[in-house]
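The values are calculated or read from the model by the stated rules, or taken from the named source; none is laboratory data. Note that this is a predicted model, so its numbers are computed, not measured. Here the Cβ positions follow ideal geometry from the backbone for every residue, glycine too, while neighbour counts run over all protein chains shown. The protein model used for the area step is the full one, side chains on, heavy atoms only, and it has no ligands, DNA or RNA in it. Shrake-Rupley method; radii C 1.70, N 1.55, O 1.52, S 1.80 Å.
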Amino acid sequence: MPDHPEPTQTPSPGNEAAAPRASRRPVKAVLFDFHGTLAQVEEPRQWVLEAAAACGVTLDRVRATSLADRLLTAGRAGGPLPARVPPRLAELWADRDLYQHAHRGAYTGLAETVDAGIEGFADALYERLLTAEGWLPYADTAPTLTALRDAGVPVAVVSNIGFDLRPHFDTWGLTDLVGAFVLSYEVGRCKPDPAIFWRACGMLGVDPEQTLMVGDTPADAGAVTAGCAALVLPAAEPGRENGLGAVLDLALPA
C-alpha cells in the first residue's frame, strides 16, 4: 500500500471521454406512494371542524384545536402513529392496511378514546378521510404526473391503505395520469414486501430493474429488495411542492 493516496487523475482538455462516468439504469416506469408523496391530509383543526359540522355541531376554534391535539396523540389515519394502541384494537391495528373493516375499526376505535361529547364524531372523522376534500395534493403532483404521461413513462400508485383512492384521483382530475392503483388491502401485501412492488411492475408491464419507486418512508425504500431503484423524499406541508421535480430529472431524458 502506498504511503500517500494516488493523485486524482484529471482528464486533459479535449479528452473528457476518457474520464469514468457513473452509470444509471434507465427509468421506464415510476411507482408513487400516496400519503406524504402525492398528497397530504388536511390540517388537523380543519379536519375536526369539518367532522363536527357533519354531526351538526359548530365548534369554536379553541375547542377544535384542543380536540385535534388529543386526536393526533390517539392516532390519525394519514397522521402520526398512535402513542398507544389499546389491547382491544391490537388485532385491527395489525391488519389495518389489509382489510377495509380493520382500517375503519382501528381508526374509529382510536378516535373514540378521545371523549369529544359529539355523537357519531369518530365515524365522521373517518368519513372525512374517504373524501377528496379531506386531502390536499402537493402543488407539483399534477405537473409531475402530466410530464411523465407526456413522455410515455407509465405510473402506478402503490399505497399501504385500507380504502379506495380512485375516487380522490377522479375528483382531482388525475385518474388518466395513473396507469394502475396497487392498494395493499386489494392485493393482500404491504410495503416493504417485495411482492407489492412486483405486482405494480407487472400491472405496468415493466421490469423492476427499470422502475423507480418514489416515497417518503423506509417502507417505500423497500422497493430495492424487489429490484427497483428508490427515491425517498421528505413529506412537505399540505398543498406545497414536495420535490417531485427530482423524479423528472431521473426519469426523463436530458
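Some points to look at:
- Using θ = phi - 60° in the Karplus curve 6.51 cos²θ - 1.76 cosθ + 1.60, the 3J(HN,Hα) couplings for the range 89-94 round to 9, 4, 5, 4, 4, 5 Hz; x is entered for Gly and Pro.
- Against the empirical curve 2.2 N^0.38 Å, the C-alpha radius of gyration of the range 105-151 lands at a ratio of 1.78.
- Kirkwood Rh in Å, taken over the range 162-254 so that all alpha-carbon pairs contribute: 14.4 Å
- The HN-Hα couplings worked out from phi for the range 37-51 by the Karplus form 6.51 cos²θ - 1.76 cosθ + 1.60 (θ = phi - 60°) are 10, 9, 8, 9, 5, 5, 4, x, 5, 5, 4, 5, 4, 5, 5 Hz, whole numbers, x standing for Gly and Pro.
- Per residue solvent-accessible surface (Å²) - the chain, probe of 1.4 Å: 51 Å²
- Chain lengthening between residue 54 and residue 176 when straightened (0.36 nm per residue, less Cα-Cα): 40.8 nm
- Local net charge near residue 219, Cβ-Cβ under 11 Å (Lys/Arg +1, Asp/Glu -1): -4
- Backbone amide hydrogens, once placed in the peptide plane, bring residue 211 within less than 5 Å of 28, 229, excluding anything fewer than 5 places away on its chain.
- If R0 equals 25 Å, the separation of the Cβ atoms of residue 130 and residue 232 corresponds to a calculated FRET efficiency of about 0.35.
- Estimated translational diffusion coefficient (Stokes-Einstein, Kirkwood radius over Cα pairs, 4 °C, 1.567 mPa s) of the range 108-237: 80 µm² per second.
- Identified option (computed Rg and Dmax of the Cα atoms in Å; candidates [x] 17.2, 52; [y] 22.0, 79; [z] 21.4, 70): [y]
- Within the range 65-101, backbone nitrogen closer than 13 Å to the virtual label 7 Å beyond the Cα of residue 195 toward Cβ: 98
- Calculated on the alpha-carbon coordinates, the convex hull of the range 124-167 measures out at 87 cubic angstrom per residue.
- The range 100-141: GluC sites (Glu not before Pro) falling in loop per DSSP and having at most 12 other Cβ within 10 Å: 119
- Short to long, the 10 Å bins of the Cα pair-distance histogram for the range 85-163 hold 16, 34, 26, 16, 7, 0 percent of all pairs.
- Heavy-atom surface analysis with a 1.4 Å probe gives the chain a carbon and sulfur content of 53 percent of its accessible area.
- Two-site label geometry, residue 207 and residue 81: point separation in nm, points 7 Å out along Cα→Cβ: 3.6 nm
- Taking every DSSP bridge with both residues inside the chain, close to 15 percent are antiparallel.
- Relative contact order (percent, whole number), the chain, Cα cutoff 8 Å, 6+ residue spacing: 25 percent
- MRE, 222 nm, helices only [DSSP H, n ≥ 4, -39500 (n - 2.57), over the chain, to nearest 500]: -10500 deg cm²/dmol
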